[in-house]
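The values are calculated or read from the model by the stated rules, or taken from the named source; none is laboratory data. These figures come from a predicted structure and were not determined experimentally. Methodologically, a virtual Cβ is constructed for each residue, glycine included, from the backbone with ideal geometry; neighbour enumeration extends over all protein chains shown.
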Amino acid sequence: MASSAKRSKKLRILLIPFFATSHIRPFTDFAFHLAAARPGDVEATVAVTPANAPVVQAALSSREPCGGHGGDARVEVATYAFPDVDGLPPGIENMSTVKAEDAWRIAAAAFNEAVMRPAQESLIKASSPDAIVTDLHFIWNAGIAAELGVPCVAFNVGGIFPTLALWRLPAVDIKDAAGGSVTVPQFPGPDISLPVTELPEFLRNQELVFEFDRGTENRFMVELKRCLGFAANTFIGLEREYCENYIDSGFVRRAYFVGPLSLPPAAAATAAVTGVEKSSSACLDWLGTMPAHSVVYLCFGSLTNMSEAQLDELAVGLESSGVPFLWVVRVPTWEPPAGWKERVGSRGMLVTGWAPQTDILQHPAVGAFVTHCGWNSVLETVAAGVPVLTWPMVFEQFIIERFVTQVASIGERLWPEGAGRRSTRHEEHDLIPAAAIARAVAKFMEHGGAADAARRRVAELSAKARAAMAEGGTSHRDLHLLIDDIVEARASGGETTAT
């Protein structure tokens, strides 16, 4: 039965992300956009475990420069208990901070409904929200929402291209893959093929999480269709064919494409471009000394663990390339080869830990981005209009690489096809030698070369991204449509007549 709290005018939305910074930040961005879309009428709360609350707070603090333009947009943080997990010390609750060899422990706990659902269900009932936005990892929240008579929206932090691929590849028999490669079935656009070694682990093992069993949908798909709809951090202008194909697929009741959420809300967009001072940091100050489009920026995300041997090769390759670079390294124990810093001098900057990536990508000195192809990074580089060299390593990053290089055509592979074996399993992934890195970086950055051509294409997508988020744009409209549908569904006990 709907609680009396639902009769209040304010729409209270509870958002529940997975335990990774790459999920928590876009969920927080989504919460901010929801609240900013209807200031005073929508209140958003991001629910995380205690050790993840600082990630939400940091993401919210990064929105402060737009604060004067967001009205009284309100985003709160709520916490629920993380389960006791054998092998994990207290306070380790994030895939981005755990040791690489222990990451599976967090994933195993998160995917275990018996372990995870009780704490989330208790929080939901205590919060009595008007709507729930759940990560796909916690799809059981759709059932909880249905029991409480409130609408649930599934939010995907990834793109539609990789999502469609991951939901259709289970139909392929990996064991019979011709030549060790598979082609994504029923896919629009160009044929997309991948070596089996570049598939996510659950597909390689045939542990088909999103399996279709002879036409009978598994529980994940059943729960997904119980949701009011499916929201994704993307925009029509980036993935039009794939968004349309997804809508036609029947996977969900309705879809909302609301990104890139890293951009400011429509009300703040003009000020963010023309009047707001950027944050200050040593790396931004250094970039200010470099010529336009001269610097290669390298960062491999919060979930990537690169070996020290590969870091050594990368360091030597950057040194040999002769190209200015800004490199973010998240391996605090690693030190560059002896004498490297002195030889590189002021041509390169090494940052250990966190760096303001969105501000870096928007800096005019940055000419290319060497990326692991995480979806958040892809959206950020598209929004900034920066071309890429791709270096995928885990999960669906190799799939996203195909979108970047074969569909959007905004960059190239750093390591050419056939140069060596790549794999989602680090022990199978060949070491990329320094000479190959130096050659790829130098060639890409040549005047009149591939980076210049890719920059023209990504500049067009950047304009489309900003237009999508602006007043009346496709993502702006979908965000407001989503809120309208939630309001209607709240009034009818979790259902809506919208089509």
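List of remarks:
Each row is one residue, and each column tells you yes or no for (1) touching a residue at least 60 places away in the same chain (Cβ under 8 Å); (2) assigned to a loop (DSSP other than H, G, I, E, B); (3) over 28 Å from F325 (Cα atoms).
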site: T405; (1), (2), (3): no, no, no
site: H429; (1), (2), (3): no, yes, no
site: A442; (1), (2), (3): yes, no, no
site: E471; (1), (2), (3): yes, yes, yes
site: V487; (1), (2), (3): yes, no, yes
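- Residue check, W354 surrounded by fewer than 16 Cβ atoms within 10 Å (Cβ to Cβ) and within 21 Å of the chain's Cα centre (by Cα): yes
- Inside region 61-76, residues that are surrounded by fewer than 19 Cβ atoms within 10 Å (Cβ to Cβ) and modelled with pLDDT of 90 or more make up a count of 1.
- Check on A435, touching a strand residue (DSSP E or B) at 6+ places or on another chain (Cβ under 7 Å) and either farther than 27 Å from N233 by Cα or without any contact (Cβ under 8 Å) to a residue 12 or more places away in the chain (or both): no
- Positions within region 231-263 being within 20 Å of L481 (Cβ to Cβ), assigned to a loop (DSSP other than H, G, I, E, B) and either at pLDDT 90 or above or touching an Asp or Glu at 6+ places or on another chain (Cβ under 6 Å) (or both), in sequence order: N233, T234, F235, R254, V258, G259, P260, L261, L263
- Looking across region 25-54, just one residue is without any contact (Cβ under 8 Å) to a residue 40 or more places away in the chain, touching a strand residue (DSSP E or B) at 6+ places or on another chain (Cβ under 7 Å) and in a helix (DSSP H, G or I), and that is A53.
- Residue check, I399 over 17 Å from the mean Cα position of the chain (by Cα), crowded, with 23+ Cβ neighbours inside 10 Å and assigned to a helix (DSSP H, G or I): no
- Residue within region 401-409 that is modelled with pLDDT of 90 or more, over 24 Å from V182 (Cα atoms) and among the charged types (D, E, K, R) present: no
- Of all the listed residues (A110, A100, A131), the sole one being at pLDDT 95 or above and more than 30 Å from V407 (Cα to Cα) is A131.
- Taken over region 230-242, residues that are touching a strand residue (DSSP E or B) at 6+ places or on another chain (Cβ under 6 Å) and surrounded by fewer than 23 Cβ atoms within 10 Å (Cβ to Cβ) amount to 1.
Yes/no per residue for (1) at positive phi; (2) in the same structural domain as G411 (by TED's automatic domain parsing); (3) touching a residue at least 60 places away in the same chain (Cβ under 8 Å); (4) in a loop (DSSP other than H, G, I, E, B):
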position	(1), (2), (3), (4)
N305	no, yes, yes, yes
G317	no, yes, yes, no
V331	no, yes, no, yes
V344	no, yes, no, no
V351	no, yes, yes, no
C373	yes, yes, no, yes
S377	no, yes, yes, no
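- Pick from region 411-448, criterion closer than 19 Å to V366 by Cβ and either among the charged types (D, E, K, R) or at pLDDT below 90 (or both), ranking: surrounded by the most Cβ atoms within 10 Å (Cβ to Cβ): E412
- Note on region 107-147: residues that are among the hydroxyl-bearing types (S, T, Y) and surrounded by 21 or more Cβ atoms within 10 Å (Cβ to Cβ) amount to 1.
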